């Protein structure tokens, strides 16, 4: 049975400072770095065939640290955006020493618009906790200043998932997705058919790991949260 792992990136410096990150790059925090080994142990009990992630540094860095901590293959980053997409076979490196890591902007965190870089506690004090919670967790309410709603994230994440990742799962591959909070929430919404109303209750912590096992028709037969 194919397996899918969803991993939220390791805790970043901006996460530690309680700031809205969005599309802004921030390094992994010292606390996050320490978590890599224990998370890798949970993932690599299973043979992973490929990894998908986004170009945000905290996601790329998490991939490298997880593979290194698990003494796995070296990552080869391959773009899944733009014109002709190179395939793993194009590198002629073979499967023994390298792990294909497919990178796409479709798995980026939501853009937080005018909130990016701001302290979450201070924003809540200014606008009220209820409104900020809607900006952060609801389906169709976007942050001010040109931010993305989860609905906007779903519009880019779900088609990509169905075109690439779902097809690879159907082919029997075990896939690891390393991404940000809202791109993962979008995938979870799609997989579990969560309603627009109930998605506000779905959260994944920093370094949070979810594993799905599927049957041949990609029906979920088992879900584990680590």
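Of note:
- Subset tally (residues that are over 21 Å from the mean Cα position of the chain (by Cα) and closer than 14 Å to residue 18 by Cβ) for the stretch 99-118: 1
- The combined condition, being in contact with a helix residue (DSSP H, G or I) (Cβ under 9 Å, 6 or more places away or on another chain), without any contact (Cβ under 8 Å) to a residue 24 or more places away in the chain and either surrounded by fewer than 19 Cβ atoms within 10 Å (Cβ to Cβ) or farther than 27 Å from residue 145 by Cβ (or both), is not fulfilled by residue 68.
- Flag not set for residue 195, criterion: at pLDDT 95 or above, under 10 Å from the mean Cα position of the chain (by Cα) and either over 23 Å from residue 18 (Cβ atoms) or surrounded by 22 or more Cβ atoms within 10 Å (Cβ to Cβ) (or both).
- Residue match in the stretch 194-211 (condition: touching a residue at least 12 places away in the same chain (Cβ under 8 Å), assigned to a helix (DSSP H, G or I) and closer than 22 Å to residue 100 by Cβ): no
- Number of the condition not met by residue 121 [criteria: (1) over 16 Å from the mean Cα position of the chain (by Cα); (2) closer than 27 Å to residue 35 by Cα; (3) not in a helix (DSSP H, G or I)]: (3)
- Against the list (1) within 13 Å of the chain's Cα centre (by Cα); (2) not in a helix (DSSP H, G or I), the condition residue 183 fails is (2).
- Residue in the stretch 71-87 that is out of contact with any helix residue (DSSP H, G or I) (no Cβ under 6 Å at 6 or more places or on another chain) and assigned to a helix (DSSP H, G or I) present: no
- Checked against (1) more than 20 Å from residue 23 (Cβ to Cβ); (2) in contact with a helix residue (DSSP H, G or I) (Cβ under 7 Å, 6 or more places away or on another chain), residue 182 passes all but condition (1).
- For residue 42, the test of being surrounded by fewer than 20 Cβ atoms within 10 Å (Cβ to Cβ), at pLDDT 95 or above and under 24 Å from residue 169 (Cβ atoms) is passed.
- For residue 150, the stated conditions hold: it is within 16 Å of the chain's Cα centre (by Cα), crowded, with 19+ Cβ neighbours inside 10 Å and over 26 Å from residue 41 (Cβ atoms).
- Given (1) within 17 Å of residue 107 (Cα to Cα); (2) touching a strand residue (DSSP E or B) at 6+ places or on another chain (Cβ under 6 Å), index of the condition residue 22 fails: (2)
The values are calculated or read from the model by the stated rules, or taken from the named source; none is laboratory data. Just so it is clear, the structure is predicted and the values come from calculations on it, not from any experiment. FYI the Cβ positions are ideal-geometry reconstructions off the backbone, even for glycines, and counts take in every protein chain you see.
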